[in-house]
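The values are calculated or read from the model by the stated rules, or taken from the named source; none is laboratory data. This structure is a prediction, so every number in the text was calculated from the model and none was measured. All Cβ positions, glycine included, derive from the backbone under ideal geometry; neighbour counts span all protein chains shown. The accessibility values were calculated without ligands, DNA or RNA, using every heavy atom of the protein model including side chains. Shrake-Rupley method; radii C 1.70, N 1.55, O 1.52, S 1.80 Å.
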Amino acid sequence: VEGTTARDFDLKVSFLPIAGKADMGGGLIWRARDHQNYYITRANPLEQNIRFYRVVNGVRYERENFNHIISVKTWHTLQVVARGSRFQILLNEQPVLDVRDETFLAGGKIGLWTKADAGTYFDDLQLAIVK
């Protein structure tokens, strides 16, 4: 999202996974320095999980995984609560991951994420910056 820079925040989006054979679902990107360095959390109905990754120099590293049923063609919410090096991930208002990582401590851009042939709608992106 152009014009955004945030370090500590509450970030939330509604998403509707509708299609995908190689991949499905979507996620949130934050503290992005550029297209090769950022954090991401994503929910994938094909794998039935929510994951937290850090991407450094274009290489994605899985940090945490939470197995959970994610329905297709149903609206869900995905939320990141970022405070310093702590990130809490919520799916449909329920906590699913609590991760600490110090790779990107400065603020950065936020964004939306899909992969491969995922057909996903996003709505109601909300960012509340904490000072």
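Miscellaneous remarks
- Evaluation of L125 against the conditions (1) open to solvent by 60 Å² or more (accessible area, probe 1.4 Å); (2) within 19 Å of K21 (Cα to Cα); (3) part of a strand (DSSP E or B) shows that the sole unmet condition is (2).
- Meets criteria (on the phi < 0 side of the Ramachandran plot and out of contact with any helix residue (DSSP H, G or I) (no Cβ under 9 Å at 6 or more places or on another chain)) for G27: yes
- Members of region 1-19 that are in a loop (DSSP other than H, G, I, E, B) and either open to solvent by 50 Å² or more (accessible area, probe 1.4 Å) or modelled with pLDDT under 95 (or both): V1, E2, G3, T4, T5, R7
- Given (1) within 15 Å of L112 (Cβ to Cβ); (2) of a type outside the set (S, T, Y); (3) open to solvent by less than 20 Å² (accessible area, probe 1.4 Å); (4) at pLDDT 95 or above, index of the condition I70 fails: (1)
- If you go through region 1-39 and keep only what is aliphatic (A, V, I, L, M) and closer than 21 Å to I69 by Cβ, you end up with V13, L16, I18, A19, A22, M24, L28.
- Taken over region 86-106, the residue count meeting the criterion of being touching a strand residue (DSSP E or B) at 6+ places or on another chain (Cβ under 9 Å) and either open to solvent by 60 Å² or more (accessible area, probe 1.4 Å) or at pLDDT below 95 (or both) is 9.
Condition check ((1) exposed (fewer than 14 other Cβ atoms within 10 Å of the Cβ); (2) not in a loop (DSSP other than H, G, I, E, B)) across all residues:
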position: M24; (1), (2): no, no
position: W30; (1), (2): no, yes
position: I40; (1), (2): no, yes
position: E47; (1), (2): no, no
position: R63; (1), (2): no, yes
position: F66; (1), (2): no, yes
position: T74; (1), (2): yes, no
position: V80; (1), (2): no, yes
